[in-house]
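Novice: I have a structure I would like to understand better, so I am pasting it below and will then ask my questions one at a time.
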Amino acid sequence: MKKILIILSYLLLLALATASARNLFEPEGIPFPVGKVMDSFPYTNIAVHNVGKIALTISNFGVIGRGSEETIADPLTGQNAPSLSYPRGFGLNYLFEAALWVGAVYGRDTLVSTSGGAFYEVREFWPSFYPEGDIQYRSTKDPEAPEYTGAVSQQDFIASYCDTLTDPGFVDDDYYSGRNHLPLYIKINQKSYAWGYDYAEDFVIFDCEIANINYHRELKDVYIGIFVDNDCGKDYRDNAYDDVCGFKKSLPSRYIGGLWDTINIAWAADNNGDPDPVSGDYMGLYSPTSAVATRILRTPLDSLDFNFNWWISSWWPGRDWGPRKAGTQEDPFRSFNGFLGSPVGDKNKYYIMSHKEFDYDQRDTHKDHTGDGWLPPPSNADQISYGSEMKYLLSFGPFDLDPGDIAPFTFAIIAGQNFHPGYNFNELGLNALWSGWIFDNPGIDTDGDGYKGNFKISCWDSVFQRIDTIYRPSDTLFDTIFTCLFGDTVYYKGDGIPDFRGAEPPPAPKPRLFPRINEFNSGEIKIKWDGRLSETTNDQFSQKVDFEGYRVYVSFTGRPDEFTLLASYDVDNYDRWEYEKVYKYWRIINPPYETYKLKWWYGEDLDPDIYFDKDHLLSNYNWGTGKYEYYYFTKHDWNASDYRDTMNIHKIYPDQPYPSTLDMDSAKMFFPDELTEEGYLKYFEYEYTLTNLLPSQPYYVAVTAFDQGFPGKRLPPLETKPETSAKREFALNSSDLVMEKGLDVIVYPNPYRIDGGYRERFEGWERPDLPAERTMALHFANLPNKCTIRIFTLDGDLVREIKHDFAPGDPGSMHESWDLISRNTMTITSGIYYFSVESEMGNYIGKFVIIK
C-alpha cells in the first residue's frame, strides 16, 4: 500500500532543529510554533513502548504507530522502531498508524485538525522546539531512580503538541476547500502508559487532555475521533488488503458467572490469520492470528454520543465505500464528491464524527441491511466482507471548550492472541477488560466518598431471620428475610475516578557482588542485597504489602530468555481452598495465609500438608455461625523459608529483630546498632554464593522479588524481570582486593594446550561463529586496575605488550586476556614464556607454558 505525503521521513532532519524561533505561542510558558516557521523546526520525535508483549511506537505529534513504510530508528536502541508488533519480536505488524482528529465549530466556521489519516496524510499537530518539545520518560521500575518521581507505569511517555502551525512546508492545504490549514488553537497533552506484567502486557493506555489555548473564543460542539489504519500481517510485506474490522460491545464475564462484561471495542484483524495455503496450518507465533482494538475509557462528559465508522479507501469513487444510512448521500452537510467512504477535508471529517451512525461489522457487508435503514451493499460486497484495505474512526462528542478550558479523554490500544481461527474474542476481550480495570480499579474508593464501584454479591449459604408483613391496599405481602452466612462481594467496575494503577511486583533489590578465586582456584561470586524496599513497599493495586520471596538467576549473555534460576526463598504460607456452593467448585478466595496464623486459628498442632486436596479436608466448627466449615491447603510457592540455610538464600543476621524504624535517617541517628557498616538495616540483609565458576567467563547475576499474586482474582504472582536488575561480573578477585592484599597474578590455563578443549568450557563462548583458532586466549587474573603486561621468550625477546587500564572497581578491572598473537601478528609457537606485570604496586614476574 502506497501512502501519500509521508512527513515522518523528515524525522532526522527535524530532530536536528535548534531551540530558537521568532514566531511562537506560549501556553503555560512553553513555546509552540504559530503560523510560519522562521528560524527553527518543531522538534519531532518518537518513542517505543516495549516493556510488555506489545511493542508500539508513539510520537510527540499525535501519530501512533510508524505512519510510514520507511524504517525509523528507535532513538533509545537505534533498532528499527516497530509500528505495532504483537507479540513483539515475531515479525508481525498490526498497525500502520492511528491518529487524532478534533473538530469543532469555531466562530462561523467548522474546522477539523488531524494528526494524520483518511487517504491524505495531513499532519496538523506539531510539538514545540527542543528541549521543551521532546518526549519525557518516567518509570516505576526503580523507586530510587530519577525517573521514578511522578511515574504511573513501568514505561511512561509524555508529550504535548498543538495545531497552531500553518506553514505550508509542514501542513498541506485542505483537500476539499483548497484553503490553508485554519487552526482551532488547541493543545493536546498526551501521556501513554505501559506495563510488563501478565495481566497488563497486552495494551497501552493513552491519557490525554485537550486545551483551548485561544483565550478569546470558545469552541462549540467539539468532537474527538481516534482514526485507525491497521494493515495486519507479516511486517515488511503488502498486508493491507485483507483486513476486517467491527465493534464488540460485550462478552460473557470471565470472573462473575451470569454477568456480561461491557468492553466496547473497535477491533481489527487479518481476515484469516494467513494459514498455509496447502496444509491450512498456522506457523504458531509467526502467523498473524491476533487482533487489535481501540477502547475509549474516558470522555470529557459522561453523556456523549459515540460513533463507529469504517470505510474502504480507493482512488476510484466506485470502490471508495463505507456503510451509510439511506438519505445521507444527499445530506447538504456531507459532500461525498462521488466517494461513499473516505471523509476528505474538514467538512466531511466533521460530518462523519458528528453524524450519529454506528456501522455494522465489515464481515457482514454482503448481507442486505436496507431493512434497518442502510444503503444497499456495493457490487463488491463479497470481497469487502472477505477482507480489504479498511480504516475506521471511533469518535465521541459534542462538548464545549471555553477559552482556557482543559478536558480529559482516555483510550487504550489493545491486542489479544488466538483470535484465529474462528474470530475468538476471549483473549482480546479479557485484555480490554483489564485495560478498564487498570484505568479505574474496581473496589477502590479513589476519592474517599465511600463508593467503590459496581459489585455483585454471591451468597453461598443462608439462614432464616424473620418474616416482614407488608400491608397493601389490595392484599398483604409476607416477605421472608434470610441472612447470608457465607458470601463474596466481587467488584466489576470502579468508582469512576481514574486510578491508572495495577498490581506490581515488589521492587527488585540491587545486588552487590563480591567475586573471588577460592583456595582451590575455583571462581565464586558472593551476592548480597538489601530487601528493605522489596519487603515494605505497598502494592499499587491493593495498597498492601504482598511480598512473597526472592529468586537468584544467572546468565552467560544477559538476554531476557537466557537466565537460569539457581535459588529461591519464599515466605512459609498456604492457599486455603473453599467450596463455592453456588457454582459448585473449589476455589481460593483470599490471599495466602502464613503458617503461624493458621496455627493460631486451627491449633498449634495443625499440619497444613495433611489437608492437601478435596479428599483430605480440614473440618472446623465455626462458633459464630454454628456450622462446620471445610477447607484444604496448598503451598503458595515452595515454602523454601529456612533463612539460616547458608547453602541457599539466607539472612546474614538471622537473629536480628525487626527494625525499630524503617526511616534510614532516623535509624542512623537513633538506632545505629541496627545498621551494617555500609548503612543497610541488618534485618533485611541477605546473601547467596555462586560457586564452581569459570574465572575467565563473565556472568550476569540477578536477584528478583516476587509477590503473592491474588488467586481469588485469578492474578498470578508477579516477579520482577531478571534482566532489569542483572549485573555483570567475573568470578575473580576484585582489583581492589588484589591491591589491598598484594595477591599474586594468576595465569590460566597453564599450561595452555592446543588440544585442551577449552572452547567447550569457556573459550570463545561469546563468538560461536568464529573458528577455534580465532578464539584462543590465555587469561591473566588478580590484576590491579592499571598495569602493563609484557610477555617474553626465554631469550628475552618481547613477544607482546598489553596495556591494562580500567576504572577502580570496574567488573573487568582484575582480568585481561591475550589472543596468543605476537606483536608482529604471528601465532606463537610452543615453549616456555615469561611475563611481567608492572604497576604502582611494583613488578611481578611469572611464567607459563604453551603446548601445541
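Novice: Any chance you could run the full-extension gain for ALA381 through ILE845? It's 0.36 nm times the residue separation minus the Cα-Cα distance, nm to one decimal.
Specialist: Values: separation 464, 0.36 × 464 = 167.04 nm, distance 8.61 nm.
That pair, ALA381 and ILE845, stretches by 158.4 nm at full extension.
Novice: When the accessible area of the chain is split by element with a 1.4 Å probe, what percent falls to carbon and sulfur? It would help to have the intermediate numbers written out before the result.
Specialist: On the way: 19940 of 39350 Å².
Its accessible area is 51 percent carbon and sulfur atoms.
Novice: So for THR370, THR775, what's the accessible-area order with a 1.4 Å probe, most first?
Specialist: On the way: THR370 65, THR775 20 Å².
Most to least solvent-accessible, the answer reads THR370, THR775.
Novice: Would you mind working out the accessible area per residue for the chain, using a 1.4 Å probe, and quoting it in Å²? Spell out each step's value before the answer.
Specialist: Working: 39350 Å² over 852 residues.
Dividing the accessible area of the chain by its residue count gives 46 Å².
Novice: Restrict the search to region 57-103; then list the GluC sites (Glu not before Pro) that DSSP places in a loop and that have at most 14 other Cβ atoms within 10 Å of their Cβ. Kindly include the intermediate steps, with their values, before the conclusion.
Specialist: Working: sites: GLU69, GLU70, GLU97; in loops: GLU69, GLU70.
Taking region 57-103 and a limit of 14 other Cβ atoms within 10 Å, the loop GluC sites (Glu not before Pro) found are GLU70.
Novice: Given points 7 Å out from each Cα along the Cα-Cβ axis, report the GLU562 to ASP755 separation in nanometres with one decimal.
Specialist: Rounded to a tenth, the inter-label distance reads 3.1 nm.
Novice: May I pose another question? Provide Rg over Rh for the chain; use the alpha carbon set for both Rg and the Kirkwood Rh (inverse mean inverse pair distance).
Specialist: Details: Rg = 33.0 Å, Rh = 31.8 Å.
In the chain, Rg relative to Rh is 1.04.
Novice: I need the calculated FRET efficiency for the pair ASN454 and THR476, taking r as the beta carbon distance and R₀ as 45 Å, to the nearest 0.05. Show your work: numbers first, answer last.
Specialist: Details: r = 34 Å, r/R0 = 0.77.
With a Förster radius of 45 Å, E is 0.85.
Novice: A follow-up question, please. Expected output is a single nm value to one decimal: the length gained when fully extending between LEU285 and ASP795, i.e. 0.36 nm times separation in residues minus the C-alpha distance. What is it?
Specialist: Length difference between fully extended and current span is 177.3 nm.
Novice: Further, regarding this structure: Solvent-accessible area of MET669, probe 1.4 Å, all protein chains present, reported in Å² to the nearest ten, please.
Specialist: 140 Å²
Novice: Using the basic label-point model (7 angstrom from Cα toward the beta carbon), what is the GLU773 to ASP372 distance in nanometres?
Specialist: 7.5 nm
Novice: Could you tell me, in Å, what Rg and Dmax come out for the Cα atoms of region 515-583?
Specialist: 18.9, 65
Novice: What are the radius of gyration and Dmax of region 107-266, computed over its Cα atoms and given in Å?
Specialist: Rg and Dmax of region 107-266, Cα atoms, are 19.9, 58 Å.
Novice: Based on the mean of other beta carbon atoms within 10 Å per residue, what is the order of 390-400, 514-524, 791-801, most packed first? Intermediate results must be reported in sequence, preceding the final value.
Specialist: Details: 390-400: 22.8, 514-524: 15.4, 791-801: 13.0.
By packing density, highest mean first, the sequence is 390-400, 514-524, 791-801.
Novice: Would you mind calculating the gained length between LYS356 and SER836 on full extension (0.36 nm times residue separation, minus the Cα-Cα distance), in nm to one decimal? List each step's numbers first, then the result.
Specialist: On the way: separation 480, 0.36 × 480 = 172.80 nm, distance 8.53 nm.
This chain segment gains 164.3 nm when fully extended.
The values are calculated or read from the model by the stated rules, or taken from the named source; none is laboratory data. Small disclaimer: the values here were computed from a predicted structure and weren't measured. Every residue, glycine as well, gets a Cβ built from its backbone with ideal geometry; the counts of neighbours run over all protein chains shown. Ligands, DNA and RNA are stripped out before the accessible areas are found, and what is left, the full protein with its side chains, is counted by its heavy atoms. Shrake-Rupley method; radii C 1.70, N 1.55, O 1.52, S 1.80 Å.
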